[in-house]
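Okay, structure first, notes after.
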Amino acid sequence: MEALKLEQVVKQYGEKTAVNGITLNVQEGEIYGLLGANGAGKTTTMRMVLGLIYPDGGRILYSGKPYNSELQQLMGYLPEERGLYPKVKVSDQITYLARLRGMPAGEADASLRYWLDRFEVPEYYNKKIEELSKGNQQKMGFIAAVVHKPKLLILDEAFSGLDPVNVELLKDTVRELRDQGTSILFSTHRMEHVEELCRNITILDRSNTVVQGDIREIKKGYPREEVLLQTGGEVAGLDAIAGVTGVERLERGYLIRISELAAAQRILHAAIAQGEVEHFEIKEPTLNQIFIRAVGESHE
């Protein structure tokens with residue numbers, strides 16, 4: 001079931017086109033990656049999905065239906081620019097926001113306490129936002145986005161400002177929400193997080209869609225240009241092998257750039273002839289490399 005569907009959605013501000021005909025589908029219980037450089041149209045797209053601004057063309061459907069005010073109770077939003085009031089207590093602020101989304105007061109309080117326990121910070125219930133570290137303010141923002149149990153969750157740079165331990169905590173939480181049926185539109189500059197959490201993506205550049213689809217299928221359309229070679233000792237002459245365009249020495253081995261796939265076999269044969277090969281891998285392109293190539297090519 002398509003929880004969210006955008007069909008040729010356009011948004012213009014005067015002569016500037018902020019979003020130019022974006023089409024995408026987010027299934028129920030899916031984390032969908034929406035990517036792009038600053039100014040590409042991501043935030044404008046998310047604001048249209050939330051009903052904060054209206055498209056000038058195309059349409060947006062929620063479980064097959066157009067936008068209506070009741071959808072506000074079913075959606076959660078964590079914006080890149082956090083908006084919690086610094087001098088208001090966590091409990092007063094987050095329960096109030098949940099009640100605005102239609103949640104009864106008692107249920108809102110119980111949900112807040114659940115999430116504070118989930119993040120192992122029950123003592124924050126009566127603290128003001130300004131009394132918390134930046135990372136913990138971030139977690140309170142996340143709780144504010146999910147406290148009312150939304151069916152559609154919009155996350156914009158959800159993990160920024162968090163240490164690695166808390167990044168893993170929030171990633172696990174996002175997966176749990178997905179597994180419970182929540183549909184998530186996920187935007188970030190950290191491509192490794194997208195590879196971990198998302199199956200389908202859209203990359204925007206200057207308001208246009210430049211890459212879209214299943215990450216695994218997208219990667220098949222890009223050449224494999226790197227070989228990871230780990231050996232017990234040095235391997236001489238790698239840079240002289242036909243098809244090798246660069247050699248980087250690593251702690252245990254080499255990262256080798258190639259211009260053709262056949263060069264990989266030549267590298268392996270040369271390494272075996274000179275000693276023991278501990279690991280050999282023709283690396284698939286990372287999403288970060290695909291992003292740079294797609295956005296870079298669109299600027300040419």
Which condition number in (1) open to solvent by less than 60 Å² (accessible area, probe 1.4 Å); (2) in contact with a strand residue (DSSP E or B) (Cβ under 6 Å, 6 or more places away or on another chain); (3) part of a loop (DSSP other than H, G, I, E, B) is the one that Y77 fails? (3)
Residue satisfying all of: in segment 248-300; at pLDDT 95 or above and among the aromatic types (F, W, Y); farthest from K220 (Cα to Cα) among these: Y254
For segment 82-115, name all the residues that are farther than 16 Å from Q72 by Cα, of a type outside the set (K, R) and part of a loop (DSSP other than H, G, I, E, B). G83, L84, Y85, P86, V88
Residue that is farthest from Q212 (Cα to Cα), among those in segment 269-292 that are touching a residue at least 12 places away in the same chain (Cβ under 8 Å) and open to solvent by 80 Å² or more (accessible area, probe 1.4 Å): Q274
Scanning segment 62-80 for residues that are under 22 Å from the mean Cα position of the chain (by Cα) and farther than 18 Å from K149 by Cβ, which turns out modelled with the highest pLDDT? P79
Scan segment 126-145 residue by residue and report those that are open to solvent by less than 40 Å² (accessible area, probe 1.4 Å) and either assigned to a helix (DSSP H, G or I) or under 25 Å from S183 (Cβ atoms) (or both). I129, G135, N136, Q138, K139, M140, G141, F142, I143, A144, A145
Select from segment 101-124 the residues that are hydroxyl-bearing (S, T, Y) and open to solvent by less than 40 Å² (accessible area, probe 1.4 Å) and write down the one among them that is farthest from T173 (Cα to Cα). Y124
Select from segment 7-31 the residues that are buried (at least 21 other Cβ atoms within 10 Å of the Cβ) and out of contact with any Lys or Arg (no Cβ under 8 Å at 6 or more places or on another chain) and write down the one among them that is farthest from L170 (Cα to Cα). K11
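Let me confirm something: among R47, R82, which residue is without any contact (Cβ under 8 Å) to a residue 40 or more places away in the chain and either closer than 21 Å to G141 by Cβ or open to solvent by less than 10 Å² (accessible area, probe 1.4 Å) (or both)? Spell out how you get there, then give the answer.
Working: R82 fails: without any contact (Cβ under 8 Å) to a residue 40 or more places away in the chain.
Selected residue: R47, the only one of R47, R82 that is without any contact (Cβ under 8 Å) to a residue 40 or more places away in the chain and either closer than 21 Å to G141 by Cβ or open to solvent by less than 10 Å² (accessible area, probe 1.4 Å) (or both).
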Some residue of segment 146-160 being closer than 15 Å to T188 by Cβ, in contact with a helix residue (DSSP H, G or I) (Cβ under 9 Å, 6 or more places away or on another chain) and surrounded by fewer than 17 Cβ atoms within 10 Å (Cβ to Cβ): yes
Scan segment 11-49 for residues that are within 16 Å of Q212 (Cβ to Cβ) and over 13 Å from the mean Cα position of the chain (by Cα) and jot them down. V19, N20, G21, I22, T23, L24, N25, V26, Q27, A40, G41, T45
What number of residues within segment 14-57 are out of contact with any helix residue (DSSP H, G or I) (no Cβ under 9 Å at 6 or more places or on another chain), over 21 Å from E80 (Cα atoms) and not polar (S, T, N, Q)? 7
For residues that are at pLDDT 95 or above and polar (S, T, N, Q), tally how many sit in segment 127-159. 0
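The values are calculated or read from the model by the stated rules, or taken from the named source; none is laboratory data. Keep in mind that what you see is a predicted model, and the values were worked out from it rather than measured. When we count neighbours, we look across all protein chains shown, and the Cβ atoms used for this are built from the backbone with ideal geometry, even at glycine. When the accessible area is computed, the model is the full protein with side chains, heavy atoms only, and any ligands, DNA or RNA have been set aside. Shrake-Rupley method; radii C 1.70, N 1.55, O 1.52, S 1.80 Å.
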